[in-house]
Ligand code: CIZ
Ligand code: SF4
């Protein structure tokens, strides 16, 4: 039997749900019971009832499952940490708050919102301050809800997402530490970014538009605001999928997001907005062999601690509150 057949066989035998994010390698993605972007996965996995969840994605996604469903045993064939999520921890969060306070803005006038691409500890810190989590699919609604509090929003960790949503809502944004005026801003952004989505630039848009004057440009809001400003469509992973799948077959489109996702989306007339292959290195770490080893370890009752997600009780309590505030919206 080959690895793929072995995995399918083990999956049938065990009380397990195999989950894969859209950015996973094709061979892993194809075998999953549940696929989706981060919001879809968070919701769908909550509704499964197997004892084990084998999650092919990045660390914060597995943590979110464990926080929302602590009774499940969540295993990740590779606990790869999203590079953006790694740009912020509680220490950096406090440091940024201090800079904001030094600009004359008090903590009671700040509502933190964290992109789901952050650690459980950062989510917990945000939860403790009355804040909430968002994804790129629901950021509009969450930010609008946040603004109703009359407070300034401290958006972590993705600068681009904060700036792009501020622009589209006609709000002012500033970035901590880059010299912009924090007092004038409605949304104060932490200076984090996704290195995959930073690869797309305005020159590439100009190149494609010159080559194919009728081409449409669709990008993810983790791209730089200059790139989003020049695009025809800006949307989250699931919004990009719907947009591109509904285009007429002869309509050319060039897409600024992760390669594996774009590559399996549409057979013809679909280009990637980069001369390199913008794969997420951490998402790409999970191979069929890792998935097989994890399933086998469940069968043999020999699960490695390094594969299993644990979140301490206090962190889980506050992170759950921040996540639940998102699900309520
Ligand atoms: O991690 C990411 O870049 C994205 C877009 C995740 C997701 O599915 O929202
Ligand atoms: Fe993180 Fe970027 Fe990879 Fe998404 S694509 S998991 S934000 S590094």
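Considering only residues that are touching a residue at least 12 places away in the same chain (Cβ under 8 Å) and not in a helix (DSSP H, G or I), which ones fall in segment 303-329?
The answer is 303, 308, 309, 310, 311, 329.
If a residue must be within 20 Å of residue 82 (Cβ to Cβ) and at pLDDT below 95, how many such residues does segment 166-190 contain?
0
Just give me the residues in segment 250-270 being more than 17 Å from residue 198 (Cα to Cα), at pLDDT 95 or above and touching a helix residue (DSSP H, G or I) at 6+ places or on another chain (Cβ under 9 Å), in sequence order.
Of the residues in segment 250-270, the ones more than 17 Å from residue 198 (Cα to Cα) are 250-253, 263-270.
Those still in the list that are at pLDDT 95 or above too: 250-253, 269-270.
Hits for segment 250-270 are 252, 253, 270.
Can you tell me which residue among 130, 104, 146 is touching a strand residue (DSSP E or B) at 6+ places or on another chain (Cβ under 6 Å), away from ligand 2 (no atom under 16 Å from the Cβ) and in contact (Cβ under 8 Å) with a residue 12 or more places away in the chain? Don't jump to the end; show me each part of the working.
On the way: 130 fails: touching a strand residue (DSSP E or B) at 6+ places or on another chain (Cβ under 6 Å); 104 fails: touching a strand residue (DSSP E or B) at 6+ places or on another chain (Cβ under 6 Å).
Just a single option satisfies the conditions, and that option is 146.
For the subset of segment 298-311 comprising residues that are closer than 25 Å to residue 2 by Cα and touching a helix residue (DSSP H, G or I) at 6+ places or on another chain (Cβ under 7 Å), which member is surrounded by the fewest Cβ atoms within 10 Å (Cβ to Cβ)?
Step one: of segment 298-311, the residues closer than 25 Å to residue 2 by Cα are 298-304, 307.
In the following step, the residues that additionally are touching a helix residue (DSSP H, G or I) at 6+ places or on another chain (Cβ under 7 Å) were identified as 299, 303-304, 307.
Numbers: 299: 12, 303: 15, 304: 10, 307: 19.
The qualifying residue surrounded by the fewest Cβ atoms within 10 Å (Cβ to Cβ) is 304.
Where in segment 21-101 are there helices (runs of 4 or more DSSP H), lying fully within it, with 2 or more residues that are more than 22 Å from residue 6 (Cβ to Cβ) and either within 16 Å of ligand 1 (Cβ to nearest atom) or touching a helix residue (DSSP H, G or I) at 6+ places or on another chain (Cβ under 6 Å) (or both)?
Passing ranges, in order: 38-46, 59-68.
For (1) within 24 Å of the chain's Cα centre (by Cα); (2) surrounded by fewer than 19 Cβ atoms within 10 Å (Cβ to Cβ); (3) in contact (Cβ under 8 Å) with a residue 24 or more places away in the chain, each residue gets a yes or a no:
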site: 8; (1), (2), (3): no, yes, no
site: 17; (1), (2), (3): yes, no, yes
site: 21; (1), (2), (3): yes, no, yes
site: 40; (1), (2), (3): yes, yes, yes
site: 64; (1), (2), (3): yes, no, yes
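Given (1) at pLDDT 95 or above; (2) surrounded by fewer than 24 Cβ atoms within 10 Å (Cβ to Cβ); (3) closer than 28 Å to residue 232 by Cβ; (4) away from ligand 1 (no atom under 16 Å from the Cβ), where does residue 193 come up short, assuming only one miss?
The failed condition is (4).
Within segment 251-261, which residues are surrounded by 21 or more Cβ atoms within 10 Å (Cβ to Cβ) and more than 12 Å from ligand 1 (Cβ to nearest atom)?
Pass one, segment 251-261, residues surrounded by 21 or more Cβ atoms within 10 Å (Cβ to Cβ): 253-258, 260-261.
If the condition is that a residue be surrounded by 21 or more Cβ atoms within 10 Å (Cβ to Cβ) and more than 12 Å from ligand 1 (Cβ to nearest atom), then 253, 254, 255 are the ones that fit.
Of these, 163, 239, which one is within 16 Å of ligand 2 (Cβ to nearest atom), surrounded by fewer than 19 Cβ atoms within 10 Å (Cβ to Cβ), at pLDDT 95 or above and not in a loop (DSSP other than H, G, I, E, B)?
Numbers: 163 fails: surrounded by fewer than 19 Cβ atoms within 10 Å (Cβ to Cβ).
From the options 163, 239, the qualifying one is 239.
Go through segment 273-297 and give me each residue that's touching a helix residue (DSSP H, G or I) at 6+ places or on another chain (Cβ under 8 Å) and more than 16 Å from ligand 1 (Cβ to nearest atom).
Scanning segment 273-297 gives 275, 276, 287, 288, 289, 291, 292, 294, 295, 296, 297.
For residues that are farther than 17 Å from residue 287 by Cβ and in contact (Cβ under 8 Å) with a residue 12 or more places away in the chain, scanning just segment 45-58, find the one that is surrounded by the fewest Cβ atoms within 10 Å (Cβ to Cβ).
Residues of segment 45-58 farther than 17 Å from residue 287 by Cβ: 45-53.
Next cut, in contact (Cβ under 8 Å) with a residue 12 or more places away in the chain only: 45-46, 48, 50-53.
Values: 45: 24, 46: 14, 48: 16, 50: 15, 51: 12, 52: 20, 53: 23.
Looking at the filtered set, the residue picked out is 51.
Inside segment 242-291, can you point out the residues that are in a loop (DSSP other than H, G, I, E, B), over 23 Å from residue 33 (Cβ atoms), more than 19 Å from the chain's Cα centre (by Cα) and touching a residue at least 60 places away in the same chain (Cβ under 8 Å)?
Once the filter is applied, which keeps residues that are in a loop (DSSP other than H, G, I, E, B), over 23 Å from residue 33 (Cβ atoms), more than 19 Å from the chain's Cα centre (by Cα) and touching a residue at least 60 places away in the same chain (Cβ under 8 Å), segment 242-291 yields 273, 274, 275, 276.
The values are calculated or read from the model by the stated rules, or taken from the named source; none is laboratory data. None of the values given here were measured: they were computed from a predicted structure. Note that each Cβ is placed from the backbone with ideal geometry, even for glycine, and that neighbours are counted across all protein chains shown.
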